[in-house]
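Trainee: Got a structure for you, written out below as structure tokens; questions coming shortly.
The values are calculated or read from the model by the stated rules, or taken from the named source; none is laboratory data. The structure presented is a predicted model; accordingly, all values stated were derived computationally and were not measured. Don't worry about glycine lacking a Cβ; one is built from the backbone with ideal geometry, like all the others, and counts go over all protein chains shown. Just so you know, the surface numbers come from the protein's heavy atoms only, side chains and all, with ligands and any DNA or RNA stripped out. Shrake-Rupley method; radii C 1.70, N 1.55, O 1.52, S 1.80 Å.
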Amino acid sequence: MNVGAERLAHWRAELQTARDSLYRSYLSHRRPATLLAGLSQAVDRVLREIWQDHELPPATALIAVGGYGRAELYPQSDVDVLFLLDDSLDDADCARFEPLIALLWDVGLPIGHSVRRLSECLDESRKDITIQTNLLEARFLAGDKRLFARFQKAFSQQLDPLAFMEGKLLEQGNRHGRFADRAMLLEPNLKESPGGLRDLHTVQWVSRAMGLSWHLAGLAREGLLESAEVRRLNGAVRFVSQLRIHLHLAARRREDRLLFEYQEPLAIEFGVAAKGPRRASELLMQRYYQAAREISFANELLLGILRQRVKPIIEIAPIADAPGFLHRGNLLDLADEDLYDRAPEAILQTILVLQRHPELKGLTPNAYRALWRASKRIDAGFRRNPANRAAFLAILREPHGVTQATRLLHRLGILGRYLPAFERITGQLQHDLVHIYPVDEHTLMVLRNLRRLALTEFAHEFPLAHRLMREFTRPDLLYLAALFHDIAKGRGGDHSTLGTVDARRFGITHGMAKADVALVAWLVQEHLSLSRTAQKEDLSDPAVITAFAQRCGSVERLTALYLLTMADIRGTNPKIWNAWKEKLLRELYLASRRVLEGGAPAQDDIEAKKEQARAALRLYGFEAGAEDGLWAKLDDVYFLRHEAQEIAWQTRRLLPLLRRGEPLIVRARLAPIGEGAEVLVYAPDEAGLFARICGFFAGMRYTVLEAKVHTTRDGFALDSFVVMDEANRAIPYRDLLSYIEYELAAALKAKKPLAALSGLRLSRQLKYFPIEPELALSPSDSGNSHVLSFTAGDRPGLLYDVARVLSRYQVELSSAKVNTLGGRAEDVFVLKGEALTEPGVHLALEKDLLAALQSS
């Protein structure tokens with residue numbers, strides 16, 4: 001198949017000219033449907049010209065399938081075509097299409113193709129629902145029309161609407177599962193995420209398989225949608241389609257993820273401006289999430305209606321304890337469609353009926369639509385009604401179905417109507433490098449995590465928290481605290497303080513007991529305090545434990561705060577929760593509880609720790625007193641900061657090597673918390689030691705979770721580190737530990753200059769949404785040291801860069817609390833050195849530290 005360069009250039013130019021004209025027109029009028037259809041028609045013309053320009057076997061047809069088949073071609077989408085052949089054609093005839101396919105690529109068409117005989121199409125569509133779906137959208141382009149008609153007839157005859165629907169529902173469920181962690185994330189997939197365009201396509205495919213219209217206007221004529229629903233859905237689809245078009249044009253490739261680097265430029269293109277503390281990109285994304293909710297609502301409603309059409313439910317029975325409601329199969333239905341008009345209080349009662357009847361698996365489409373429509377009746381009068389206030393509290397007090405109930409209330413818009421402050425945080429992004437969900441989704445995730453702690457089937461995950469949750473007599477107060485803990489995000493002030501006002505007002509207006517109101521309000525005010533104390537302060541200091549216990553005031557408050565904190569951190573970003581954070585929270589909780597119950601922090605009992613460590617050493621065969629020489633070189637601070645098992649392990653690993661006169665010792669083990677490694681370094685204390693160790697771990701792409709730095713009485717550094725591979729690489733831990741021991745020792749012996757590390761890259765989120773570093777350097781309460789605390793965007797080598805600056809100023813590090821939350825580092829160092837007390841040098845040190853913290 002020889003095609004002249006002139007013809008090839010003609011088709012390329014024709015295609016490019018058409019595209020350019022369509023893009024200019026679109027940017028002037030912003031009509032996505034016109035552009036998508038226009039791009040499809042432009043490709044149609046070129047394909048037909050090429051087909052007619054070549055001598056191809058008879059009894060063949062060129063068919064558009066997939067998105068191209070339904071004439072919705074996005075700027076960078078594949079052009080999916082089927083070369084349909086009559087069964088009489090042999091393999092040689094099939095091979096004649098190969099040069100044509102290559103030519104289509106040369107023309108500039110991103111072709112997705114298949115060459116199949118008619119019988120093969122039918123056979124494969126029976127086996128593969130993806131192929132069946134593609135063929136469902138088949139559109140004739142060129143060739144043998146009678147062959148295409150035969151295909152359509154045979155395909156329609158073998159298509160089972162019920163089986164197809166069940167298959168697409170299963171496929172959608174799997175897709176939603178794959179994108180569950182991306183559904184309401186910072187970078188949603190406009191096509192595949194729940195609420196994306198694929199949810200609309202699924203409805204259209206099922207509708208077409210049933211012989212109904214697949215256009216929204218057609219679905220309205222079929223009685224599946226109301227005119228108001230069509231308008232809302234059209235608006236949502238139009239907006240998401242526009243986003244996808246602009247994303248394709250900006251990326252110049254097929255990219256359906258709304259990546260960070262595109263969000264701010266797209267916000268500008270859409271005329272969205274920053275408002276107060278909120279970026280333009282955050283406001284744009286809030287519009288997207290609202291549109292995605294509309295599409296999700298339509299998807300759930302329409303698939304329910306279509307399911308009833310193809311498989312009607314005939315089993316109907318009244319519900320004895322719920323007048324006005326019906327069992328329709330395993331779904332809840334309304335006995336009277338005007339129920340909510342006559343009795344608006346039935347809106348929240350509907351949710352209670354679902355919770356109290358676990359045999360009910362959801363709402364009928366009729367009830368779902370009626371409830372959504374009734375949400376508009378929730379106004380100030382509805383919120384003041386004592387019956388409705390009692391019903392809302394009852395939903396949270398039910399022993400079953402709280403998570404499902406709150407999510408249903410949110411999907412239907414009821415939660416935001418009942419709590420107007422919650423509506424304001426719906427879809428609100430948090431570009432803080434910690435939260436990966438919008439505020440509303442994070443809030444519901446926290447509530448879900450609290451419920452999960454109470455379930456027996458998940459008791460193995462967090463046994464202590466599970467026991468505490470089961471013993472907590474009023475879990476509904478925790479759920480209320482979860483609903484309000486972030487409700488004031490984005491208002492410009494301290495969201496904890498503002499949210500406390502909202503929570504207190506809610507409790508008072510709902511007639512809650514004073515003690516209950518006080519607990520919920522206190523939890524909202526203090527919801528960050530346990531996490532901050534555990535991850536930033538020295539838990540070996542009895543004063544820290546005592547002060548925190550006094551702050552809580554009672555075991556009930558402490559326990560409630562511990563449970564809420566666990567649920568909160570785990571609901572921000574799955575990647576920032578680890579066994580180390582769990583250990584810190586648990587240690588602070590148990591130590592504070594001992595104080596509140598009349599005891600003393602266990603950490604201050606040095607002799608008890610020594611006895612426990614000695615007992616462990618005896619089990620390993622060490623003679624009595626073997627440890628005395630080493631321990632005599634260690635002061636009380638060492639024993640305060642380390643647990644008995646840490647003391648025993650370090651002593652056990654050091655003693656044999658010290659007897660041999662080893663001047664530098666590096667030993668590592670799998671961290672007792674079950675994740676990461678614990679590394680011990682014993683070496684002459686000298687300038688740059690801490691920085692070299694941090695540089696080694698940075699080069700390994702390991703994050704330092706904690707550093708305990710100690711200097712013995714004879715001038716040796718005894719430092720320990722807990723490190724973790726944030727990339728979760730599958731490295732056998734024995735090989736890893738051996739590597740650390742050998743290579744770190746070699747690096748420390750080499751004593752190379754503290755040079756800047758190369759090849760370390762910023763995360764994309766930090767690159768496009770940087771965090772302005774904040775730093776505080778001030779004397780400690782004791783006056784014997786200084787405390788350096790800083791917040792900055794986390795990046796590989798950050799700790800090393802800070803350590804290099806400290807080394808340059810000859811500042812010694814006493815301890816480090818390293819806390820990484822997603823992409824944000826919040827670290828606290830205890831420092832000593834003359835430079836800290838000289839005003840001029842102190843200022844220069846702060847300036848250089850800030851420079852080191854800058855993302856670059």
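Trainee: Please identify the pairs in which a residue from the range 523-540 that is more than 21 Å from Asn578 (Cβ to Cβ) has its Cβ atom under 7 Å from the Cβ atom of a residue that is among the aliphatic types (A, V, I, L, M) and at pLDDT 90 or above, counting only partners at least 6 apart or on another chain.
Mentor: Pairs that qualify, where the first residue is more than 21 Å from Asn578 (Cβ to Cβ) and the partner is among the aliphatic types (A, V, I, L, M) and at pLDDT 90 or above, are Leu523/Ala481; Leu523/Ala560; Leu523/Leu561; Leu523/Leu564; Val524/Ala481; Val524/Ala503; Glu526/Leu561.
Trainee: Another question, then. Are there helices (runs of 4 or more DSSP H) fully within the range 368-477 with at least 2 residues that are under 24 Å from Glu587 (Cα atoms) and touching a residue at least 60 places away in the same chain (Cβ under 8 Å)? List them.
Mentor: Result: 439-454, 463-471.
Trainee: Which pairs have Cβ atoms under 7 Å, sit 6 or more apart or on different chains, and link a residue in the range 784-811 that is in contact (Cβ under 8 Å) with a residue 40 or more places away in the chain to one that is of a type in the set (Asp, Glu)?
Mentor: Hits for this filter: Phe790/Glu774; Phe790/Asp827; Val805/Asp848.
Trainee: Taking Glu526 and the conditions (1) over 29 Å from Ala380 (Cα atoms); (2) at pLDDT 95 or above; (3) surrounded by fewer than 16 Cβ atoms within 10 Å (Cβ to Cβ), which numbered condition does it fall short on, given that it satisfies the others?
Mentor: (3)
Trainee: Examine the range 506-513 for a residue that is of a type in the set (Phe, Trp, Tyr), in contact (Cβ under 8 Å) with a residue 12 or more places away in the chain and closer than 30 Å to Tyr638 by Cα, and state whether such a residue exists.
Mentor: no
Trainee: For residues that are among the aliphatic types (A, V, I, L, M), without any contact (Cβ under 8 Å) to a residue 40 or more places away in the chain and out of contact with any Cys (no Cβ under 9 Å at 6 or more places or on another chain), scanning just the range 132-182, find the one that is most open to solvent (accessible area, probe 1.4 Å).
Mentor: Leu170
Trainee: Considering only helices (runs of 4 or more DSSP H) fully contained in the range 732-836, which possess at least 3 residues that are in contact with a Cys (Cβ under 8 Å, 6 or more places away or on another chain)?
Mentor: Details: elements: 733-750, 764-768, 798-808.
Hits in the range 732-836: 798-808.
Trainee: Step by step: first the residues of the range 642-673, then only those that are open to solvent by 40 Å² or more (accessible area, probe 1.4 Å), part of a helix (DSSP H, G or I) and of a type outside the set (A, V, I, L, M, F, W, C), then the one that is farthest from Val722 (Cα to Cα). Which residue is that?
Mentor: Among them, the one singled out is Arg659.
Trainee: So, one more: Looking at Gly235, Gly271, can you tell me which residue is surrounded by fewer than 21 Cβ atoms within 10 Å (Cβ to Cβ), farther than 22 Å from Leu409 by Cβ and touching a residue at least 12 places away in the same chain (Cβ under 8 Å)?
Mentor: Being surrounded by fewer than 21 Cβ atoms within 10 Å (Cβ to Cβ), farther than 22 Å from Leu409 by Cβ and touching a residue at least 12 places away in the same chain (Cβ under 8 Å) holds for just one of Gly235, Gly271, which is Gly235.
Each row is one residue, and each column tells you yes or no for (1) crowded, with 19+ Cβ neighbours inside 10 Å; (2) closer than 20 Å to Glu300 by Cα; (3) out of contact with any helix residue (DSSP H, G or I) (no Cβ under 8 Å at 6 or more places or on another chain).
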| position | (1), (2), (3) |
| --- | --- |
| Glu337 | no, yes, no |
| Tyr340 | yes, no, no |
| Ala343 | no, no, yes |
| Val353 | no, no, yes |
| His357 | no, no, yes |
| Lys361 | no, yes, yes |
| Ala367 | yes, yes, no |
| Ala374 | yes, yes, no |
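Trainee: Could you check how many residues of the range 529-587 are open to solvent by less than 40 Å² (accessible area, probe 1.4 Å), of a type in the set (Gly, Ala, Ser) and in a helix (DSSP H, G or I)?
Mentor: So the count comes out to 7.
Trainee: Against the condition modelled with pLDDT under 95, open to solvent by 10 Å² or more (accessible area, probe 1.4 Å) and either touching an Asp or Glu at 6+ places or on another chain (Cβ under 6 Å) or within 29 Å of Pro194 (Cα to Cα) (or both), how does His400 come out, does it pass? Working first, answer last.
Mentor: On the way: modelled with pLDDT under 95: yes; open to solvent by 10 Å² or more (accessible area, probe 1.4 Å): yes; either touching an Asp or Glu at 6+ places or on another chain (Cβ under 6 Å) or within 29 Å of Pro194 (Cα to Cα) (or both): yes.
For His400, the condition - modelled with pLDDT under 95, open to solvent by 10 Å² or more (accessible area, probe 1.4 Å) and either touching an Asp or Glu at 6+ places or on another chain (Cβ under 6 Å) or within 29 Å of Pro194 (Cα to Cα) (or both) - is met.
Trainee: Take Leu634 and decide whether it is out of contact with any Pro (no Cβ under 8 Å at 6 or more places or on another chain), open to solvent by less than 50 Å² (accessible area, probe 1.4 Å) and in a loop (DSSP other than H, G, I, E, B).
Mentor: So Leu634 passes the test.
Trainee: Something else now. State all residues of the range 621-631 that are outside any loop (DSSP other than H, G, I, E, B) and either open to solvent by 20 Å² or more (accessible area, probe 1.4 Å) or over 14 Å from Thr711 (Cα atoms) (or both); if no residue qualifies, say none.
Mentor: Step one: filter the range 621-631 for residues outside any loop (DSSP other than H, G, I, E, B), giving 628-631.
If the condition is that a residue be outside any loop (DSSP other than H, G, I, E, B) and either open to solvent by 20 Å² or more (accessible area, probe 1.4 Å) or over 14 Å from Thr711 (Cα atoms) (or both), then Asp628, Gly629 are the ones that fit.
Trainee: Sticking with this structure for a sec: Any residue in the range 730-739 that is within 23 Å of Val828 (Cβ to Cβ) and without any contact (Cβ under 8 Å) to a residue 60 or more places away in the chain? It would help to see each step written out before you state the result.
Mentor: As a first pass, look at the range 730-739 and keep what is within 23 Å of Val828 (Cβ to Cβ): none.
No.
Trainee: Would you say Ala220 is open to solvent by less than 50 Å² (accessible area, probe 1.4 Å) and hydrophobic (A, V, I, L, M, F, W, C)?
Mentor: yes
Trainee: When the range 454-468 is examined, which residues are found to be open to solvent by 10 Å² or more (accessible area, probe 1.4 Å) and not acidic (Asp, Glu)?
Mentor: Ala454, Leu455, Thr456, Phe458, Ala459, His460, Phe462, Pro463, Leu464, His466, Arg467
Trainee: Hey, another quick one. Limited to the range 738-797, what total is found for residues that are within 22 Å of the chain's Cα centre (by Cα) and among the basic types (Lys, Arg)?
Mentor: 4
Trainee: Please give the number of the condition Gly211 fails out of (1) under 30 Å from Leu47 (Cα atoms); (2) open to solvent by 30 Å² or more (accessible area, probe 1.4 Å); (3) outside any loop (DSSP other than H, G, I, E, B).
Mentor: That leaves (3) as the condition not met.
Trainee: Can you pull out every residue in the range 301-334 that is assigned to a loop (DSSP other than H, G, I, E, B) and farther than 28 Å from Met165 by Cα?
Mentor: Across the range 301-334, the qualifying residues are Ile319, Ala320, Asp321, Ala322, Pro323, Gly324.
Trainee: Further, regarding this structure: Residues being hydrophobic (A, V, I, L, M, F, W, C), within 19 Å of Asp725 (Cβ to Cβ) and open to solvent by 20 Å² or more (accessible area, probe 1.4 Å): count how many of those fall in the range 674-709.
Mentor: The qualifying residues number 2.
Trainee: Looking only at the range 245-262, count every residue that is open to solvent by less than 10 Å² (accessible area, probe 1.4 Å) and either assigned to a helix (DSSP H, G or I) or at pLDDT 95 or above (or both) and tell me the total.
Mentor: Counting residues in the range 245-262 that are open to solvent by less than 10 Å² (accessible area, probe 1.4 Å) and either assigned to a helix (DSSP H, G or I) or at pLDDT 95 or above (or both) gives 4.
Conditions tested, residue by residue: (1) at pLDDT below 85; (2) touching a Phe, Trp or Tyr at 6+ places or on another chain (Cβ under 6 Å); (3) open to solvent by less than 20 Å² (accessible area, probe 1.4 Å).
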position: Ala717; (1), (2), (3): no, no, yes
position: Asp725; (1), (2), (3): yes, yes, yes
position: Leu748; (1), (2), (3): no, no, yes
position: Leu754; (1), (2), (3): no, no, no
position: Gln765; (1), (2), (3): yes, yes, no
position: Ser782; (1), (2), (3): yes, no, no
position: Val787; (1), (2), (3): no, no, no
position: Val811; (1), (2), (3): no, no, yes
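Trainee: Under 6 Å between Cβ atoms, at least 6 apart or on separate chains: pull out the pairs that start in the range 553-578 with a residue that is touching a residue at least 12 places away in the same chain (Cβ under 8 Å) and end on any residue that is among the aromatic types (Phe, Trp, Tyr).
Mentor: As it stands, the answer is Tyr562/Tyr589; Ile569/Trp577; Arg570/Trp577, since those pairs meet every condition given.
Trainee: Okay, next question. Do any residues in the range 282-304 that are free of Cβ contacts under 8 Å to residues at least 60 places away in the same chain have Cβ atoms under 8 Å from those of residues that are aromatic (Phe, Trp, Tyr), where the two are at least six apart or on different chains, and which pairs are they?
Mentor: Leu284/Phe270
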